[in-house]
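Novice: First, the structure itself, so that you have it in front of you.
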Amino acid sequence: MTDESTGTLRSRLVDQAASDLKENRHRQQELAKRLAVLRQEEALLTGILDLARRYEGFADPSRLPEQLQDESDLPKAKQASTGAATRRPGSARKASAGASSKAGTKGKSRRPLLGDLLLELLDGHDGPQPAKELRDELLAKYPDRDPTPQVVRNTLESLVAKGRVQRHKEQRSVLYTVVGSRSKS
């Protein structure tokens, strides 16, 4: 082999190795992002399971948090088949609320779900909002609600997973916007 062909071969190998290294690092970044999302999802699901276990043995619905009281009217088999009691589809939530009011509850209205409140707050903004500002706005507008910052972030991430909210990243900040504004036509 000549020095020229050896140099050309070495140059191609170096270029290929650099390209492979770049691709490898890119895939590592993608996997790290996916792993972070999976860890958030794991934390959320663990919290849901802990909550479900905590309220599993309550026979007296008045001892349950308001949000779960209507769900105690559902048969236990139905709750078990749908997974965690707090993750019911919206239509079932409305049907359950209607059924419980007909069943003779004391006229006590249910508190809106945190996700619904966050969607309402996001819908009132034109641009993306950070979770911290949404939490501050929630505390100002609903002083009886006091979710932790982590609960607000987890709720927003669950809305992202459902496709109701879009996540935006700007440098180290994560911002959220509602998908398809509900109040504006």
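The values are calculated or read from the model by the stated rules, or taken from the named source; none is laboratory data. Because the structure is a prediction, the values reported are computed rather than measured. For accessibility, only protein heavy atoms count, side chains too; no ligands or nucleic acids. Shrake-Rupley method; radii C 1.70, N 1.55, O 1.52, S 1.80 Å.
Novice: Of the conditions (1) open to solvent by 70 Å² or more (accessible area, probe 1.4 Å); (2) modelled with pLDDT under 50; (3) closer than 24 Å to Val152 by Cα, Lys102 satisfies every one except a single condition; which number is it?
Specialist: All conditions are met except number (3).
Novice: So, one more: If a residue counts only when it is open to solvent by 60 Å² or more (accessible area, probe 1.4 Å), modelled with pLDDT of 90 or more and acidic (Asp, Glu), which helices (runs of 4 or more DSSP H) contained entirely in the range 113-181 have at least 1 such residues?
Specialist: Values: elements: 114-123, 131-141, 149-161.
Filter on the range 113-181 gives 114-123, 131-141.
Novice: Got at least one residue in the range 52-65 being of a type in the set (A, V, I, L, M, F, W, C) and modelled with pLDDT of 60 or more?
Specialist: Within the range 52-65, one or more residues are of a type in the set (A, V, I, L, M, F, W, C) and modelled with pLDDT of 60 or more.
Novice: Restricting attention to the range 29-56, which residues are open to solvent by 100 Å² or more (accessible area, probe 1.4 Å) and outside any helix (DSSP H, G or I)?
Specialist: Glu56
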